[in-house]
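Written out below as structure tokens is the structure these notes cover.
The values are calculated or read from the model by the stated rules, or taken from the named source; none is laboratory data. Since the structure is predicted, the reported quantities are computational estimates derived from the model, not experimental observations. Note: ideal-geometry Cβ built from the backbone for every residue, glycine included; neighbour counts use all protein chains shown.
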Amino acid sequence: MDKYCKGCGVKLQDSNINLEGYTNDLSKDLCRRCFRLKHYGEYEIVTKSNEDYIEILKNIGKKKAVVLYVVDVISISRDLEEIKTYLKNSKIILVLNKKDMLPLSVTDDKILGYIKEFYDGVFEDEILISANKNYNLDKLMKTIGKYKNTKNIYVVGNTNSGKSTLINKLIENYSNGTQEVTISSMPSTTLDEIIVPFKNFNLVDTPGLVDSKSIINYISDDKIKKLSSQKEIKPRTYQIRKGQSLIIEDFLRIDYVEGERNSFTVFTSNNIKIKRINGKRHEILKNLSQKEIDLKYHEDIVINGFGFVKTILEGKVYVYVDKDVEVFTRKSLI
Ligand SMILES: Nc1nc2c(ncn2[C@@H]2O[C@H](COP(=O)(O)OP(=O)(O)OP(=O)(O)O)[C@@H](O)[C@H]2O)c(=O)[nH]1
Ligand SMILES: [Mg+2]
């Protein structure tokens, strides 16, 4: 009988060490990749195609099941409702995760108010949680109870949004199960569906969509690790005059090219280095693709996968970043 890795869901095999799912002992529960990740923190990159994942989603969407759509609150995308094109019949609960990364002063109501304003009626329910810090998990359990109508509850979302972490926390806190799915700070950790028995139903972990517009596809592994912080973000505010620029590590440059003296508050991992410079004198990072952004009053510049920059006044910026990274503005989230 086929056996599947309990960490990432891939089919186990002992014939080819270079292929997914390899183990030297088929009686074990984990593939070599999960074993090494779990015990030595060694990560092997796997490139997953979104087509396979979309097939998984479409199959889930055929049933009338409850789906937890896990979204990293720091990286709320522009088109949250896109998931509905695959999950036609699902009851989707939007689960905004990693609340612990937002400054403590930011209330749930503030974020949920924003979601209500732009996505009213799109989801069955919305909830803000922190899987890491066990925040609002009781409330999530109640919400699941309210909508649950099938044996399986599916957990979907972009890779790295914290789906597997959430499943482990629910199991740890609310059942006496022992199965631990694999988690890591790198994308594409979970490789296939994993059915995890939980109370009187199953939680189904899934691999996650690779967001091709996210910056994490275009920066080095050490920068991805820096971005994936577990700490509360300390917002960094810069007073910026026209002509000044922010240089962010080696992957992002923001030039303020038009407008009155403005305030730029950067919400990203505290590990990320930011410098303010006189932009006119330095050409650094201008080889990246230039995106022109017009700012209205109280808007965020969102750089997909990186975080966002809250601004106050009208103006114009040039954002230099890899050409495939999505940059957009929205009404200030905070
Ligand atoms: N700060 C913070 N980090 C979290 C939280 N939940 C998960 N993470 C981190 O996010 C990263 C990804 O977590 P995973 O659980 O592997 O994410 P996933 O959605 O299962 O990822 P894939 O399997 O690759 O699709 C890890 O570094 C986690 O520690 C949270 O509530 N807060
Ligand atoms: Mg996972």
Can you tell me which residue within region 170-187, out of those that are touching a Lys or Arg at 6+ places or on another chain (Cβ under 8 Å) and among the hydroxyl-bearing types (Ser, Thr, Tyr), is nearest to ligand 1 (Cβ to nearest atom)?
-> 185
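Let's see how each residue does on (1) out of contact with any helix residue (DSSP H, G or I) (no Cβ under 9 Å at 6 or more places or on another chain); (2) within 14 Å of ligand 2 (Cβ to nearest atom):
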site	(1), (2)
166	no, yes
169	no, yes
174	no, no
189	no, yes
198	no, no
204	no, yes
239	yes, no
(1) in contact (Cβ under 8 Å) with a residue 60 or more places away in the chain; (2) within 16 Å of ligand 2 (Cβ to nearest atom) all hold for residue 64 apart from (2)
Return the pairs, sorted by first residue and then second, in which the second residue is at pLDDT below 85 and among the hydrophobic types (A, V, I, L, M, F, W, C), the first residue lies in region 180-193 and is closer than 14 Å to residue 205 by Cα, the beta carbons are less than 8 Å apart, and the residues are 6+ apart or on different chains.
-> 188/45; 188/46; 191/46
Conditions (1) crowded, with 19+ Cβ neighbours inside 10 Å; (2) small (Gly, Ala, Ser); (3) under 24 Å from residue 137 (Cβ atoms): number failed by residue 21 = (3)
Name the one entry in 167, 111 that is crowded, with 20+ Cβ neighbours inside 10 Å, in contact (Cβ under 8 Å) with a residue 24 or more places away in the chain, within 16 Å of ligand 1 (Cβ to nearest atom) and assigned to a helix (DSSP H, G or I).
-> 167
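Could you identify the single residue in 155, 210 that is within 16 Å of ligand 2 (Cβ to nearest atom), farther than 26 Å from residue 270 by Cα and surrounded by 18 or more Cβ atoms within 10 Å (Cβ to Cβ)? Give the steps one after another, and end with the answer.
Values: 210 fails: farther than 26 Å from residue 270 by Cα.
Exactly one residue qualifies, and that residue is 155.
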Of the listed residues (160, 149), the one being touching a strand residue (DSSP E or B) at 6+ places or on another chain (Cβ under 9 Å), closer than 30 Å to residue 221 by Cα, of a type outside the set (Gly, Ala, Ser) and assigned to a loop (DSSP other than H, G, I, E, B) is 160
Within region 239-325, which strands (runs of 3 or more DSSP E) (wholly inside it) include 2 or more residues that are buried (at least 18 other Cβ atoms within 10 Å of the Cβ), touching a residue at least 24 places away in the same chain (Cβ under 8 Å) and in contact with a Leu (Cβ under 9 Å, 6 or more places away or on another chain)?
-> 244-248, 252-258, 262-267, 299-303, 307-311, 315-321
When you scan region 119-145, how many residues do you find that are outside any loop (DSSP other than H, G, I, E, B) and either at pLDDT 95 or above or crowded, with 16+ Cβ neighbours inside 10 Å (or both)?
-> 14
In this structure, is residue 38 touching a residue at least 40 places away in the same chain (Cβ under 8 Å), surrounded by fewer than 17 Cβ atoms within 10 Å (Cβ to Cβ) and not in a loop (DSSP other than H, G, I, E, B)?
-> yes
